[in-house]
Each structure stands twice: as C-alpha cells, then as structure tokens.
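Written below as structure tokens is the structure these notes are about.
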Amino acid sequence: MKTILNSHQFGIVIERLAHQLVENNLALDNTAIIGIQPRGIALSNRIFDYLTKHLKIKNLSYGKLDITFYRDDFNTSEEMRVPNATEIDFSIEGKTVVLIDDVLFTGRTIRSAMDAILDFGRPAKVELMVLIDRRFSRQLPIQADYVGRSIDSIISQKVKVKWAEQDKKDEVLLIDNE
C-alpha cells in the first residue's frame, strides 16, 4: 500500500482544482458543475463549497448525476445496482458543463455520464475534473481537463479514495491486490 495523497496534499489539490476551473472559465456564470454519483459527489461538493465560500462565486449551477442505467455493463453485472438520485434542476443548454469524478480509470464511467447528460440538453462544452487519473488504464479515448494527481498503476492495483466525511480522514491510497 502506498499513499498517493495525504490529508495536507488533499486540501492543496482541491484548492488548485478550484482555481484552475476559475482560471479557465472566469466568473463561471455560464458553467454548471455536475458530480457523478456516487463516488464523484464528495469531490464535487468540496469544489462547489470552495468556489462559493472561499472564492465567493455567486449563482453557480450545481447538480448530481446518476449514470446507473447508462452504463454499458448494467445488464451484464451480477451485482444488483441501486440507482442514486439525479439532481439537476437547471438547464445545461449552451453551458459549459464540468463533470466531476474521483478516479478516471477506463473512461467508461465518463462515457456513460456524457450519454446521460445529453438527456438534459445540449451543452456548449463538456469538461472533466478528476482527483486521480490512472492514465495508462484507458479503454476509451477520454482525457481529463483538470487533474488532481496522475498516477502510473497496473490493472491489478486499486485506488482507494478516503473522504473525511465518511472515512474520518482525507487520503488516497494505491493498494496492491494479490
């Protein structure tokens, strides 16, 4: 087991990602932040809170997206998938939509999220923010616009993201499965 981000680094990465988002989208007045259920919500909550409380961004659209029924493995998985709530109470038409997830691995989750988001309108642009990019594991040509940390890992390794709200501590670990 190897620590990728400790709690101090974790906070710095959240701040950097929020500042990069503002740098690329200025006032964020035509931007919507959408966290991907379930694992991207903790990161999207932190980014939204930082933008609104520390950077004083007003009128920022924020939603949560469930992709359960858009997954390409929905019918092939033996485990029962319980959908989460989708909470998007604004129009994404013509906006820059920033999808947020914790780990970018194969790219299949993001592809599913892009399919799902089109049911809410046609955004002008879709960007992707992730805490961890497992850059050598992609199965689809998907790349993040905002990356907390890029790591090199093999398929048998697992990235475990811990959040203080659930796990009592902010931390990202790389675990060897044997």
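The values are calculated or read from the model by the stated rules, or taken from the named source; none is laboratory data. What you see is a predicted model; the values in this text were computed from it and never measured. Counting neighbours? That spans all protein chains shown, and the Cβs are built from the backbone with ideal geometry, glycine included.
Which residues, counting only those in region 82-123, are closer than 21 Å to Asn24 by Cα and charged (D, E, K, R)?
Correct list: Glu93, Lys95, Asp101, Asp102, Arg122.
Here is a yes/no grid of residues against (1) in contact (Cβ under 8 Å) with a residue 12 or more places away in the chain; (2) over 22 Å from Gln20 (Cβ atoms); (3) exposed (fewer than 15 other Cβ atoms within 10 Å of the Cβ); (4) in contact with a helix residue (DSSP H, G or I) (Cβ under 8 Å, 6 or more places away or on another chain):
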position	(1), (2), (3), (4)
Val98	yes, no, no, yes
Gly107	yes, no, no, no
Phe120	yes, yes, no, no
Lys125	yes, no, yes, no
Met129	yes, no, no, yes
Trp163	yes, no, no, yes
Lys169	yes, yes, yes, yes
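If Met80 meets every condition in (1) within 27 Å of Ile154 (Cβ to Cβ); (2) modelled with pLDDT under 95 apart from one, which number is that one?
Among (1) within 27 Å of Ile154 (Cβ to Cβ); (2) modelled with pLDDT under 95, Met80 violates only (1).
Within region 21-39, track down each residue that is modelled with pLDDT of 95 or more and under 15 Å from the mean Cα position of the chain (by Cα).
Selection gives Leu21, Ala32, Ile33, Ile34, Gly35, Ile36.
(1) at pLDDT 95 or above; (2) among the charged types (D, E, K, R); (3) closer than 18 Å to Glu15 by Cβ: which one isn't true of Lys125, the others all being true?
Going through (1) at pLDDT 95 or above; (2) among the charged types (D, E, K, R); (3) closer than 18 Å to Glu15 by Cβ one by one, Lys125 breaks only (3).
Is it the case that region 61-69 has a residue that's out of contact with any Gly (no Cβ under 6 Å at 6 or more places or on another chain), under 21 Å from Leu21 (Cβ atoms) and touching a residue at least 40 places away in the same chain (Cβ under 8 Å)?
Yes, because at least one residue in region 61-69 is out of contact with any Gly (no Cβ under 6 Å at 6 or more places or on another chain), under 21 Å from Leu21 (Cβ atoms) and touching a residue at least 40 places away in the same chain (Cβ under 8 Å).
In region 1-43, what count of residues is obtained for those that are part of a strand (DSSP E or B), out of contact with any Lys or Arg (no Cβ under 9 Å at 6 or more places or on another chain), surrounded by fewer than 21 Cβ atoms within 10 Å (Cβ to Cβ) and of a type outside the set (Lys, Arg)?
The qualifying residues number 1.
Within region 133-150, work out how many residues are of a type outside the set (Val, Ile, Thr) and assigned to a strand (DSSP E or B).
Qualifying residue count, region 133-150: 6.
Kindly establish whether Asn59 is surrounded by fewer than 16 Cβ atoms within 10 Å (Cβ to Cβ), modelled with pLDDT under 95 and more than 18 Å from the chain's Cα centre (by Cα).
yes
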